[in-house]
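For reference, the structure discussed in these notes is given below.
The values are calculated or read from the model by the stated rules, or taken from the named source; none is laboratory data. Treat the numbers as computed from the prediction; the structure is a model and nothing was measured. Cβ atoms come from the backbone with ideal geometry, glycine included; neighbour counts cover every protein chain shown.
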């Protein structure tokens, strides 16, 4: 699933759902909360994390922002897809169709790797 960020520094750029982890919050709990907040989908099953990467950006005020991104492969088990409070839209990858979306090179690489892993991974049992 893809979402465009509503706020800087990635405003308007399509990417994967994500957010700030609270102090002491387990990553899996954050994943569940972020999916629900940004997309309305309920986490069903996820793989162990599939990569850790670092990214830097510059805010509109010129401040450097450092991100540490932990990628998971996840299968939602329910909910209704919608755009949450801090995104402008939410779409499933297969529903992009003719819609033009800008995904930066790093996010595109992660998405392609996720698609490959999803094809190879056993399907979750519902």
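Pairs are defined by a Cβ separation below 6 Å, a sequence spacing of at least 6 or placement on different chains, a first member in region 77-98 that is within 22 Å of residue 115 (Cα to Cα), and a second member that is assigned to a loop (DSSP other than H, G, I, E, B) and modelled with pLDDT of 85 or more; the pairs so defined are 79/40; 80/40; 81/40; 82/40; 89/83; 90/81; 90/83. Summed over region 18-44, residues that are surrounded by 15 or more Cβ atoms within 10 Å (Cβ to Cβ) and part of a loop (DSSP other than H, G, I, E, B) total 3. Of the residues making up region 31-76, just one is on the phi > 0 side of the Ramachandran plot and touching a residue at least 60 places away in the same chain (Cβ under 8 Å), namely 51.
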